Amino acid sequence: MNALEITDLHYTYPDGTKALDGVSLTIPHYARTVLLGANGSGKSTLLLHTNGLLPPKRGRVQVLGQEWAGNDMRRLRERVGMVFQDPDDQLFATTVADDVAFGPRNLGLDESTVQERVHQALNELEILDLAHRPPHNLSLGQKKRAAIAGVLAMQPEMLVLDEPTASLDPLAVRHLTTLLHTLHRQGRTIILATHNVDFAYQWADQVIILHRGQVLASGDITLLQDEALLDKASLEPPLLLQVFRDTPHRPRNTAEANQIIRNTLLS
Amino acid sequence: MSTLHIQQEVDTYAGLDSWMHRWEPRLKIGAGLVFVVGVVLLQSPLLAAVALGIAVAAAVSSRLPLSFLITRWLWVLPFLAIMALSLSMGGGLGASGEGLTLAFLVSMKALTALTIMITLVGTQPLSALMNAFTQMRLPHLPVMALLLACRYLFCFRDELQVRQRAFAARAFQPKPNRRTVSVYGETTASMLLGALDRSEQVHRAMVARGFDGRLRTSPPRAINYTDLAKGVFSVASVTLLLLVDRGFPI
């Protein structure tokens, strides 16, 4: 059973914009998958289908082994947590703790369990000190963490994030990367949409490249070495690969790159 | 004024400790509303002034600074002044002391209601106020609208500020002319359209976390005898004013 199976998915917005044009893809359980694509490639629209927020206009979406509809949607949303691109869209309550409690309360949990989950999620995201702060009083990085905490408090087995690195400073991106590694180690399937190729290269197991509402390519991160493919998708190769382009080395992160450079210099 | 400043202003005195801060929010709101309705029914300007005195005393004893009250009164004083001027100049009653008396009565009632509302809002965090509205079983739709308005009004104001800076950066100087009206009109329209898009996203984000149209909050704290006593005292004081107003022998 796969975490996500999409077959020939089409979606057109009411204004006539064709966002998805026959997308088919498979994402296995426990994968770290990145949907890569330029703006307008259909990434966000695709993610909205994973949580049942958009019904397929045509095609089939199977999440965690089944197609979901009607009264089952609440169960789907408990199992698949979605973090939106702009945390201001997600953080609507007057305090961070209230916002994090929103999801668990919607699941009908008793108040002591709700508070337990709120504490656990805030602790996991290292933002316990922000619990009673109003969301709009936070930095963007803190808002992103609060938004993720709000989803984690529902204890989903699959996490879907839309442009999680957008507008974050480098330190916040580093924190986010560490956090995503931790969440993955806890056994979650994680799917994220981004146009940040460097982030995708360092973090993902599986890459799916979208272009104009269609899947251009799908595979492991070696896809990101194909400059012609990336060019077609209006993307740039990862910086590390550009630096090491004419060498046999393909460092996955800066630590590996440092090691290669050190070894080369020493030899 | 930034979002941060607005929020700080709203919750500035919410963390203090006073009899009003410790009052259970639902009872406090209920008693406050009863007091305001009672004051609206008063016919004597003197008793309306006494009611304002009680409201101010309640606010000050809640450790809200007098300056906090007065700066908020300043928002309504121009409207009251126009009303008083209109009534004293005639207003259907003739240019007499009667018009001025009526203006005084209306002003006292308005300031009393405002003071009570400021005290209700200022002596608890915004979140507690929203929770109380939900727990009072008010219809979900207006409570949700109020909650979202409180949250996104700040975003809206921030965005307006950013746009004003963007105008200034491109040497735009507002003048009393058609172009300025047109620029501000277009900005307002685009912000409203943006707000519409955002509302759709906010709704999606809420639905993604299991929202089904019903706002669920933490259970209310139990009402104790002290809360009840405060409520009884508040209702009794306005009842007393009404009885005196209607000529009952006390």
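The values are calculated or read from the model by the stated rules, or taken from the named source; none is laboratory data. Computed from a predicted model, the values in this text were never measured in an experiment. Cβ placement follows ideal geometry from the backbone for every residue including glycine, while neighbour counts extend to all protein chains displayed. Note: accessible area is taken over every heavy atom of the protein model, side chains too, but ligands, DNA and RNA are not part of it. Shrake-Rupley method; radii C 1.70, N 1.55, O 1.52, S 1.80 Å.
Here is a check on your reading of the model: is B:GLU159 more than 12 Å from every other protein chain (Cβ to nearest Cβ), more than 19 Å from B:LEU33 (Cβ to Cβ), of a type in the set (D, E, K, R) and surrounded by fewer than 20 Cβ atoms within 10 Å (Cβ to Cβ)? Spell out how you get there, then give the answer.
Working: more than 12 Å from every other protein chain (Cβ to nearest Cβ): no; more than 19 Å from B:LEU33 (Cβ to Cβ): yes; of a type in the set (D, E, K, R): yes; surrounded by fewer than 20 Cβ atoms within 10 Å (Cβ to Cβ): yes.
No: the conditions fail for B:GLU159.
So, in segment A:108-123, of the ones that are open to solvent by 20 Å² or more (accessible area, probe 1.4 Å) and touching a Lys or Arg at 6+ places or on another chain (Cβ under 9 Å), which residue ends up nearest to the other protein chains (Cβ to nearest Cβ)?
In the first step, residues of segment A:108-123 are kept if they are open to solvent by 20 Å² or more (accessible area, probe 1.4 Å); the result is A:108-113, A:115-117, A:119-120, A:123.
Still in the list and also touching a Lys or Arg at 6+ places or on another chain (Cβ under 9 Å): A:108-109, A:111.
Working: A:GLY108: 8, A:LEU109: 10, A:GLU111: 6 Å.
So the residue we want is A:GLU111.
Looking at (1) closer than 27 Å to A:LEU4 by Cα; (2) more than 9 Å from chain B (Cβ to nearest Cβ); (3) not in a helix (DSSP H, G or I), find the lone condition where A:GLU126 falls short.
Looking at each condition in turn, A:GLU126 falls short on (1).
Which condition from (1) open to solvent by less than 10 Å² (accessible area, probe 1.4 Å); (2) facing another protein chain (nearest Cβ under 9 Å); (3) touching a Ser or Thr at 6+ places or on another chain (Cβ under 7 Å) is the one that A:THR94 breaks?
The one condition A:THR94 does not meet is (1).
For segment B:103-149, how many residues meet the condition of being touching a residue at least 40 places away in the same chain (Cβ under 8 Å) and within 14 Å of another protein chain (Cβ to nearest Cβ)?
Number satisfying all stated conditions: 17.
Residues of segment A:60-79 being among the hydrophobic types (A, V, I, L, M, F, W, C) and over 17 Å from A:ASN2 (Cα atoms), which ones?
A:ALA69, A:MET73
Out of curiosity, is B:VAL60 part of a helix (DSSP H, G or I), modelled with pLDDT of 90 or more, in the same structural domain as B:HIS21 (by TED's automatic domain parsing) and in contact with a Ser or Thr (Cβ under 7 Å, 6 or more places away or on another chain)? Walk me through how you get there before you give the answer.
Numbers: part of a helix (DSSP H, G or I): yes; modelled with pLDDT of 90 or more: yes; in the same structural domain as B:HIS21 (by TED's automatic domain parsing): yes; in contact with a Ser or Thr (Cβ under 7 Å, 6 or more places away or on another chain): no.
Here the answer is no, as B:VAL60 does not meet what is asked.
Look at B:ARG221 and say whether it is among the basic types (Lys, Arg), open to solvent by 60 Å² or more (accessible area, probe 1.4 Å) and within 14 Å of chain A (Cβ to nearest Cβ). Walk me through how you get there before you give the answer.
Numbers: among the basic types (Lys, Arg): yes; open to solvent by 60 Å² or more (accessible area, probe 1.4 Å): yes; within 14 Å of chain A (Cβ to nearest Cβ): yes.
So B:ARG221 fits the description; yes.
Kindly list the number of the only condition in (1) over 28 Å from A:GLY22 (Cα atoms); (2) part of a helix (DSSP H, G or I) that fails for A:MET73.
(1)
From the list A:GLN62, A:GLN85, exactly one residue is more than 10 Å from every other protein chain (Cβ to nearest Cβ), farther than 20 Å from B:GLY213 by Cβ and open to solvent by 10 Å² or more (accessible area, probe 1.4 Å). Which is it? Show your work before the answer.
Numbers: A:GLN85 fails: more than 10 Å from every other protein chain (Cβ to nearest Cβ).
Of the residues listed, the single one that is more than 10 Å from every other protein chain (Cβ to nearest Cβ), farther than 20 Å from B:GLY213 by Cβ and open to solvent by 10 Å² or more (accessible area, probe 1.4 Å) is A:GLN62.
Looking at segment B:30-51 only, could you name the residues that are within 21 Å of B:MET130 (Cα to Cα), in contact (Cβ under 8 Å) with a residue 12 or more places away in the chain and either surrounded by fewer than 20 Cβ atoms within 10 Å (Cβ to Cβ) or polar (S, T, N, Q) (or both)? Before you say what the answer is, go through the steps one by one.
Initially, segment B:30-51 is screened for residues within 21 Å of B:MET130 (Cα to Cα), giving B:30-36.
Subsequent filtering for residues that are in contact (Cβ under 8 Å) with a residue 12 or more places away in the chain retains B:30-32, B:34-36.
Those that are within 21 Å of B:MET130 (Cα to Cα), in contact (Cβ under 8 Å) with a residue 12 or more places away in the chain and either surrounded by fewer than 20 Cβ atoms within 10 Å (Cβ to Cβ) or polar (S, T, N, Q) (or both): B:GLY30, B:VAL34.
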